[in-house]
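**Q** Take a look at this one; I'll ask things after.
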Amino acid sequence: MTAMPPNKMLKELKLNHIAVGYQGTPVVQDANFRIVEGEIGCLLGPSGCGKSTLLRAIAGFEPLMAGDISLDNEVISSSETTVSPEKRSIGMVFQDIALFPHLSIGENIAFGLKHWSKQEANARIDYLLELVGLAGYKDRYPDSLSGGQQQRVALARAIAPKPKLLLMDEPFSGLDAKLREELVPDIRAILLHEKVSAILVTHDQAEAFAMADRVAIMEAGKILQVGTPYEIYHEPVSRFVAMFIGQGDFLPAVVCGANCVHSDLGEIHGDMDHGFQSGEKVDLLVRPDDILHDDDSEFKGLIVSKWFRGSYFLYRVKLPSGKVTYCFASSHHNHSIGQEIGLTVNLDHLVMFPIEAKA
Ligand SMILES: Nc1ncnc2c1ncn2[C@@H]1O[C@H](COP(=O)(O)OP(=O)(O)OP(=O)(O)O)[C@@H](O)[C@H]1O
């Protein structure tokens, strides 16, 4: 396979305090985000929070009400100017794959290569088909391909003209869970190989974490936090982010030192200063993997519900205080609802929030 790296790699895409909306009403406000060379970003949030609107603004389909977007230091959108989508060197992949049904796979990929010589375009098509694992499919038609194969072709078509940036709006949501799980790391590997920077829109946390280097969590038109998947999961800046990402519970707790907190789980010592004052009342975030089943532990919980997840059990356990949390157990520890089991607390990174004032 002849490697053909993109000529025009993105250096930086920067969203600077942008507002976007419809009919004069902003639906995204004060959004800041950036991705750099070879990076895959993600806009993650619940339905209706404004992810697609933001993506459409980056693509140039929606004008800005405030702020600006720059691509390699050139402003491509502001409240005064919107460089047209076709002049942005940005490719797009959508949920509804939208391959041209009357064109062969090769012709679909050739669609954005009209200005290329026939020889160069053919070489590019062969190269991309091999890259996406569909060598030999050039003369087939879209309806003879599976959903996953069609999405690979859509990716090949979008990156064929070597865009600086690829925008993907829920590209996997039409595919079944197993296929999605297989396809996501493949697509990430292809983008990294081709050094194409990309932004993915999704409401699926697992997809975001598997795909992206940098994730922006959105709620109601605002970006609440930007970070690596690890930071977002382990260092959420708000209750919303903590609860939107993964499972967990808040336990009432009292601070007992710079890295210490006392809760229904006993006294826990974290691995760094949490910034709260001794004596302060807080809510402590407890994730399923923070509490492990341990036959030898004196600390007990009563199983109130359970899920078999193949390689492990996830239990909901009632603590002696009456609070309920999650607990992990390996898959051969199959206990019944109503049974008491030993628990070990495995929590060294303390995530806490001030107690919310009751209305
Ligand atoms: N063309 C439009 N005209 C008016 N309002 C719109 C338009 N498109 C979207 N909206 C509104 O803007 C808000 C954000 O929509 P958007 O599609 O950006 O959200 P999203 O996070 O991508 O949602 P989903 O995950 O459901 O696709 C919603 O309240 C939506 O109703």
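**Q** Would you mind checking which residues have amide H under 5 Å from C256's amide H? H placed 1.01 Å from N; only 5 or more apart, or other chain.
**A** For C256, the qualifying residues are V261, H262, G279.
**Q** Between the DSSP loop rule and a limit of at most 10 other Cβ atoms within 10 Å, which GluC sites (Glu not before Pro) in the stretch 85-132 are left?
**A** Details: sites: E86, E107, E120, E130; in loops: none.
Answer in residue order: no site qualifies.
**Q** Identify all aspartates and glutamates with a Cα-Cα distance to K300 below 13 Å; exclude those on the same chain that are fewer than 8 residues away in sequence.
**A** The qualifying aspartates and glutamates are D264, E340.
**Q** Another one. Under a point-charge model restricted to the Cβ atoms of Lys and Arg (+1) and Asp and Glu (-1), what is the dipole moment magnitude of the chain relative to its Cα centre, in debye to the nearest 20? The partial results should precede the final answer.
**A** Values: 33 positive and 46 negative charges, 230 e Å.
Around 1100 debye, computed over the chain.
**Q** Cross-link partners among lysines for K118, C-alpha distance below 20 Å, same-chain residues fewer than 8 apart left out?
**A** Candidates past the 8-residue exclusion: K138, K162.
**Q** Hey, can you grab everything whose amide H is under 5 Å from the amide H of M65? Only 5+ residues off in sequence or another chain; H modelled, so Pro and N-termini drop out.
**A** Sorted by chain and number, the residues that satisfy this are A19, V20, G21.
**Q** Give the Kirkwood hydrodynamic radius (Å, one decimal) of the chain, defined as one over the mean of 1/r across all pairs of different Cα atoms. Please report the intermediate quantities before stating the final value.
**A** Values: mean 1/r = 0.0436 Å⁻¹.
Evaluated over the chain, this radius sits at 22.9 Å.
**Q** A follow-up question, please. Would you order V28, V282 from fewest to most other beta-carbon atoms within 10 Å of each residue's own beta-carbon?
**A** Working: V28 28, V282 21.
Neighbour counts put them in this order, fewest first: V282, V28.
**Q** Give me a comma-separated list of calculated 3J(HN,Hα) values for the stretch 236-248, in order, Karplus coefficients 6.51, -1.76, 1.60 applied at θ = phi - 60°, integers in Hz, x for any Gly or Pro.
**A** x, 8, 8, 4, 4, 4, 4, 7, 6, 9, x, 9, x
**Q** So what does the Cα-only Debye profile of the stretch 188-324 read at q = 0.13 Å⁻¹, as log10 I(q)/I(0), no solvent term?
**A** Debye curve over Cα of the stretch 188-324, log10 I(q)/I(0) at q = 0.13 Å⁻¹: -0.74.
**Q** Going toward the positive end of the dipole of the chain, with +1 on Lys and Arg Cβ and -1 on Asp and Glu Cβ, which of F100, A258, V286 do you reach last?
**A** After comparing all options, I get F100.
**Q** List the residues whose amide H sits under 5 Å from the amide H of F313, counting only those 5 or more places along or on another chain, with H placed 1.01 Å from N in the peptide plane.
**A** Placed amide hydrogens put A329, S330, S331 under 5 Å from F313.
**Q** Next question, about the same structure. Using the Cα centre of the stretch 247-354 as the reference point, and only Cβ charges (+1 on K/R, -1 on D/E), how large is the resulting charge dipole? Debye, rounded to the nearest 20.
**A** 540
**Q** Rounding to the nearest 10 and keeping the result within 0 to 90°, find how far the Cα-based axis of helix 147-159 lies from the longest principal axis of the chain.
**A** 60
**Q** From the C-alpha coordinates alone, can you work out the Kirkwood hydrodynamic radius of the stretch 247-354, in Å? Walk me through the numbers on the way to the answer.
**A** Working: mean 1/r = 0.0709 Å⁻¹.
Across the stretch 247-354, the inverse of the average 1/r is 14.1 Å.
**Q** Here's a follow-up. I'd like the Karplus ³J(HN,Hα) series for the stretch 216-233: coefficients 6.51, -1.76, 1.60, θ = phi - 60°, whole numbers in Hz, and an x wherever there's a Gly or Pro.
**A** Karplus-based 3J(HN,Hα) across the stretch 216-233 equals 9, 8, 10, 8, 6, x, 10, 8, 8, 7, 10, x, 5, x, 4, 5, 4, 6 Hz.
Since every read-out is calculated from the coordinates, none of them should be taken as a lab result. Predicted model only: the values in this text are computed from it and were never measured. No Cβ is skipped: glycine too gets one built from the backbone with ideal geometry, and neighbour counts run over all protein chains shown.
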